[in-house]
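S.K.: Let me give you the structure first, and then I'll get to my questions.
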Amino acid sequence: MLKKILLLLLLAVAFTTSDSYAFQSKKRKKDKKTEAPANKNGKKKDTILPYAKVITKKAKTDKGLFDVHYIDDKYYYEIPDTLLNREMLMVTRIAKTATGIGFGGGKQNTQVLRWQKKNKQILLRVVSHQIFAADSLPIHEAVVNSNFEPVLYAFPIKAFHKDSVNTSNSATVIDVTELFKNDVKAIGFPDRRRKEYKISKLDDNRSYIDTIRSYPLNIEARHVKTYNAAEPPSNASTGSISLEMSNSMILLPKTPMKRRYFDQRVGWFARGQTDYGLEAQESKTVRYLDRWRLEVKDEDIEKFKRGELVVPKKQIVYYIDRATPKKWRKYIKEGIEDWQVAFEEAGFKDAIIAKDPPTVEEDPDWSPEDVRYSVVRYLASPIPNANGPHVSDPRSGEILESDINWYHNVMSLLRNWFFVQTAAINPEAQDVAFKDEVMGELIRFVSAHEVGHTLGLPHNMGSSVAYPVESLRDPVFTKKYGTAPSIMDYARFNYVAQPGDGDVALMPKIGIYDKHAIRWGYRPILDKTAKEEKKTLDQWILKHQNDPMYRFGKQQFGVIDPSSQTEDLGDDAINASTYGIRNLQRIVPNLIKWTAEDGKNYDDLKTMYRQVLSQYNRYMGHVVSNIGGVYEYYKTYDQEGAVYTHVTKENQKRAMKFLQEQLFATPSWLLDTSIFNKIESAGNVERVRNFQVRTLNNLLDHGRMARLIENEALNTSQAYTLLDMMTELRSGLWSELRSGRTIDVYRRNLQRAYVDRMEFLMTKDQPKIPENIRRFVVRTNVNASQSDIRAVVRAELNAVRRDTRNAIGRTSDRMTRYHLQDIVERITAILEPKK
């Protein structure tokens, strides 16, 4: 009896711990022998099976860095044991996107990964190189303990592949399907972007893996993600956004390249690392350049030392996408190889080469996704742009590959710029359809600029200020030097040159600064460590420290330094903009003739008129930045002079005079009725108000006013003060009050905008910078209520109200009188608000 009871108890335990199998058919019980046993939760245990049971004959295998197997909608990685614990770079991009969600090729995340075997799992770990100490130092252990590598994903091992002949070829098989099907944020759409569209979750039913391909040094995964979104930027009826994400996993070199340390006096894309092993009594961030590995061949070292040009061990090669129209390939290649002259300064010849890719027949496996090939990719996209990103090793800065994205509609952008900036003096630009040779040269210019980015160079917006404005009207000077010392400036085309100046150059080329930067970043300094070569690099900078052609000025988002602006030319924005406006005044009367074509509507006329307005507005921005402006010229302790200096009082007064004459006094030359009656039913008055208000608000900016206050505090009588600016602004904007003249609709709108902006300054604090752009924007911060700003604004409003009351009786124009009465009421409401 006891034996029977024990048997019943054992059976009861068996049924309760394996209830998922309790009611299976006999056939199912037979099958159970080949399945993995269940754990206590009723789930199957992960069992390592024989290789042939996992990678069956049905597998479609793509050989490469890892062999990738595709079987029954599942993807398996076969990871060679030799690659376990090797560092790999994962670059996440948007490959394809919908309207309003970035652009194809836009980088979303970059991280270093490591595949690690742990018991019966392969762990995918995230490696950080943000903090560092040499492994020879005692503090290295503390750095390691503070830099634990998080596990991004864990994969059960499915099988082992043992090579009985060569054990070094052994490999581990895992199923990676869920990594790319699930919502893994580190390799998908990042959190910061999800907030924009109020994304709630991934829709599994509308998400899938497209392809996973393996190449010798990288694996490319493409997967479509559909997210439920409350505010999609397009296709709102779907309540979602769909993206094709691209994950490029690249094997990093076993031996990192020697670093070259960053110096802000030479513009360069760089990365930072906090080094705890320095002699300084604190941790410091060291920064080093992103650059290609250009090295001298062993057999050429003596030649190089003698100053002879040598071919590098490995050239920088760019392939032109097969999709590129044939007639433009020549010009894109020329833009790439224009950089040869700069690399010659670094001691190399044939350092950078442009090639056509092999045909499908010549090499069916050639692919632009193979990290061994850098490609200018031609994209059939309406985006009017091109960009030159690159992928680099975070340990050393070595650029591993670069794909320049060339969007088809960049040609419309080039046409618009070239037309509006040169048509006044250039017959080749007096049409909306350029000759192929003209467009080809524009494409060559953009190609060279984008290649500069892929070589490591950022925009140098401080370059064009090196040239005197009058020199830009000189054919000899411009033919020799172009429009700026650096093609990395946004010194587009020569809008300064006037009719009769002769055959001036119209665009920049690889210039003096570009050659200097490439030499400084790429010329090998043999037999020295990265730290030891710093002294030589400093000497190269100091040799040209007082030459403005060698100056670097960063791109600003929120302009403080007026000598480092986008789209400007020459050393005097007021003179250059005056010349530019004269040319626009020549273009406007010709717009109808230069855009005309029988049977065509007026869309091109509308486009080009808007281009004139945009260019005109750029000139206003270039000038207004001088008021409250502070120059920034990078220096070190061994250089004399200040880094920051205020714009002179004289130049700031000239800037204010320019704004009064060219903008705030209604620009009647822009108001061409023969254009308006062909492009719109209404909108002209509002358009003028818009660009006047934009500059007015830019002028009456908290940060600008704070810099004027500080300038006076530091430089007293030498300063252009806040009171100077406010008094001159009021005097110009309200000049009709003294004479009793009629105030037209444009001026009435402008005066109301002035009162509105003054109310803003009286009642609102300095706006917060949106979180998504905070890291880009630099501005002068001020507490408005505890500064002089509101006291001055109050005084100015009182003065305007007094003068307006006095002027009401002087005018005979009824609309002017109504306007002035309204102004008095508005100001009273600001200064004496009802409680």
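S.K.: If you scan region 576-614, which residues turn out to be among the hydroxyl-bearing types (S, T, Y) and in contact with a Lys or Arg (Cβ under 7 Å, 6 or more places away or on another chain)?
M.R.: Y602
S.K.: Shifting gears a bit: Checking V469 against (1) closer than 21 Å to V559 by Cβ; (2) in contact with a helix residue (DSSP H, G or I) (Cβ under 8 Å, 6 or more places away or on another chain); (3) buried (at least 24 other Cβ atoms within 10 Å of the Cβ), which single condition isn't satisfied?
M.R.: All conditions pass for V469, except number (3).
S.K.: If a residue must be in contact (Cβ under 8 Å) with a residue 60 or more places away in the chain and over 19 Å from the mean Cα position of the chain (by Cα), how many such residues does region 72-98 contain?
M.R.: Adding up the residues that qualify gives 18.
S.K.: Still on this structure, I have one more. State yes or no: is R213 in contact (Cβ under 8 Å) with a residue 60 or more places away in the chain, charged (D, E, K, R), surrounded by fewer than 17 Cβ atoms within 10 Å (Cβ to Cβ) and not in a strand (DSSP E or B)? First the steps, then the outcome.
M.R.: On the way: in contact (Cβ under 8 Å) with a residue 60 or more places away in the chain: yes; charged (D, E, K, R): yes; surrounded by fewer than 17 Cβ atoms within 10 Å (Cβ to Cβ): yes; not in a strand (DSSP E or B): no.
So R213 fails the test.
S.K.: Search region 370-411 for residues being charged (D, E, K, R) and under 16 Å from L455 (Cβ atoms), and hand back the single one that is surrounded by the most Cβ atoms within 10 Å (Cβ to Cβ).
M.R.: If we take residues in region 370-411 being charged (D, E, K, R) and under 16 Å from L455 (Cβ atoms), then D403 is surrounded by the most Cβ atoms within 10 Å (Cβ to Cβ).
S.K.: Here's something else I'd like to know. Conditions first: (1) small (G, A, S); (2) under 16 Å from Y490 (Cα atoms); (3) outside any loop (DSSP other than H, G, I, E, B). A354 passes all but one, so which condition is the exception?
M.R.: (2)
S.K.: Just to check your reading of the model, which residue among I587, I581 is of a type outside the set (K, R), surrounded by 16 or more Cβ atoms within 10 Å (Cβ to Cβ) and more than 31 Å from the chain's Cα centre (by Cα)?
M.R.: Sole residue among the options that is of a type outside the set (K, R), surrounded by 16 or more Cβ atoms within 10 Å (Cβ to Cβ) and more than 31 Å from the chain's Cα centre (by Cα): I587.
S.K.: Okay, moving on. Taking into account only those residues within region 472-488 that are buried (at least 18 other Cβ atoms within 10 Å of the Cβ) and out of contact with any Gly (no Cβ under 8 Å at 6 or more places or on another chain), which is nearest to P548 (Cα to Cα)?
M.R.: Filtering region 472-488 for residues that are buried (at least 18 other Cβ atoms within 10 Å of the Cβ) and out of contact with any Gly (no Cβ under 8 Å at 6 or more places or on another chain), the one nearest to P548 (Cα to Cα) comes out as T483.
S.K.: Among the candidates D501, D489, D514, single out the residue that is more than 27 Å from the chain's Cα centre (by Cα) and acidic (D, E). Can you show your working first?
M.R.: Values: D489 fails: more than 27 Å from the chain's Cα centre (by Cα); D514 fails: more than 27 Å from the chain's Cα centre (by Cα).
None of the other options fit; the residue is D501.
S.K.: Give the residues of region 401-433 that are among the hydrophobic types (A, V, I, L, M, F, W, C), outside any helix (DSSP H, G or I) and at pLDDT below 95, sorted by residue number.
M.R.: Scanning region 401-433 gives I404, W406, V432, A433.
S.K.: Of these, E362, E334, which one is assigned to a helix (DSSP H, G or I), surrounded by fewer than 20 Cβ atoms within 10 Å (Cβ to Cβ) and at negative phi?
M.R.: Selected residue: E334, the only one of E362, E334 that is assigned to a helix (DSSP H, G or I), surrounded by fewer than 20 Cβ atoms within 10 Å (Cβ to Cβ) and at negative phi.
S.K.: Any residue in region 772-780 that is modelled with pLDDT of 95 or more, under 26 Å from H702 (Cα atoms), surrounded by 15 or more Cβ atoms within 10 Å (Cβ to Cβ) and not assigned by TED's automatic domain parsing to the domain that holds E196?
M.R.: Looking for residues that are modelled with pLDDT of 95 or more, under 26 Å from H702 (Cα atoms), surrounded by 15 or more Cβ atoms within 10 Å (Cβ to Cβ) and not assigned by TED's automatic domain parsing to the domain that holds E196, one finds none in region 772-780, hence no.
S.K.: Tell me, which helices (runs of 4 or more DSSP H) lie completely within region 520-608 with 2 or more residues that are in contact with a strand residue (DSSP E or B) (Cβ under 9 Å, 6 or more places away or on another chain)?
M.R.: Once the helices (runs of 4 or more DSSP H) in region 520-608 are filtered for at least 2 residues that are in contact with a strand residue (DSSP E or B) (Cβ under 9 Å, 6 or more places away or on another chain), what remains is 534-542.
S.K.: Can you name the number of the only condition in (1) touching a strand residue (DSSP E or B) at 6+ places or on another chain (Cβ under 9 Å); (2) closer than 29 Å to L442 by Cα; (3) not in a loop (DSSP other than H, G, I, E, B) that Q273 fails?
M.R.: Against the list (1) touching a strand residue (DSSP E or B) at 6+ places or on another chain (Cβ under 9 Å); (2) closer than 29 Å to L442 by Cα; (3) not in a loop (DSSP other than H, G, I, E, B), Q273 comes up short only on (2).
S.K.: Then there's this: Could you give every pair whose Cβ atoms fall below 6 Å, whose first residue belongs to region 678-704 and is closer than 23 Å to A596 by Cβ, and whose second residue is part of a loop (DSSP other than H, G, I, E, B), counting only separations of at least 6 or pairs across chains?
M.R.: K678/Y602; I679/Y602
Matching residues to (1) in a strand (DSSP E or B); (2) surrounded by 14 or more Cβ atoms within 10 Å (Cβ to Cβ); (3) in contact (Cβ under 8 Å) with a residue 24 or more places away in the chain:
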position: F180; (1), (2), (3): no, yes, yes
position: N228; (1), (2), (3): yes, yes, yes
position: S234; (1), (2), (3): no, no, yes
position: I241; (1), (2), (3): yes, yes, yes
position: K254; (1), (2), (3): no, no, yes
position: K258; (1), (2), (3): no, yes, yes
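S.K.: Please state which one of L761, L820, L733, L737 is closer than 21 Å to K653 by Cα and of a type outside the set (D, E, K, R).
M.R.: Checking each option against the conditions leaves just L733.
S.K.: Among the residues of region 623-642, are any part of a helix (DSSP H, G or I) and either modelled with pLDDT of 95 or more or not aliphatic (A, V, I, L, M) (or both)?
M.R.: Scanning region 623-642 turns up at least one residue that is part of a helix (DSSP H, G or I) and either modelled with pLDDT of 95 or more or not aliphatic (A, V, I, L, M) (or both).
S.K.: Looking only at region 435-449, decide whether some residue is in contact with a Ser or Thr (Cβ under 9 Å, 6 or more places away or on another chain), farther than 17 Å from N583 by Cβ and either in a helix (DSSP H, G or I) or not aromatic (F, W, Y) (or both).
M.R.: No: zero hits.
S.K.: Pairs under 6 Å by beta carbon, first residue more than 16 Å from A171 (Cβ to Cβ) in region 47-63, partner in a loop (DSSP other than H, G, I, E, B) and of a type in the set (G, A, S), six or more apart or different chains?
M.R.: These pairs meet every condition: T47/A36.
Here is a yes/no grid of residues against (1) within 25 Å of R747 (Cα to Cα); (2) of a type outside the set (A, V, I, L, M); (3) touching a His at 6+ places or on another chain (Cβ under 9 Å):
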| residue | (1), (2), (3) |
| --- | --- |
| R586 | yes, yes, no |
| P589 | yes, yes, no |
| K600 | no, yes, no |
| L613 | yes, no, no |
| Y637 | no, yes, no |
| P667 | yes, yes, no |
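S.K.: Of all residues in region 99-128, which are modelled with pLDDT of 70 or more, surrounded by 16 or more Cβ atoms within 10 Å (Cβ to Cβ) and assigned to a loop (DSSP other than H, G, I, E, B)?
M.R.: Answer for region 99-128, where residues must be modelled with pLDDT of 70 or more, surrounded by 16 or more Cβ atoms within 10 Å (Cβ to Cβ) and assigned to a loop (DSSP other than H, G, I, E, B): just I101.
S.K.: Can you say whether E650 is buried (at least 17 other Cβ atoms within 10 Å of the Cβ) and acidic (D, E), as far as the supplied structure shows?
M.R.: Working: buried (at least 17 other Cβ atoms within 10 Å of the Cβ): no; acidic (D, E): yes.
Here the answer is no, as E650 does not meet what is asked.
The values are calculated or read from the model by the stated rules, or taken from the named source; none is laboratory data. All of these numbers come straight from a predicted model, not from anything done at the bench. Methodologically, a virtual Cβ is constructed for each residue, glycine included, from the backbone with ideal geometry; neighbour enumeration extends over all protein chains shown.
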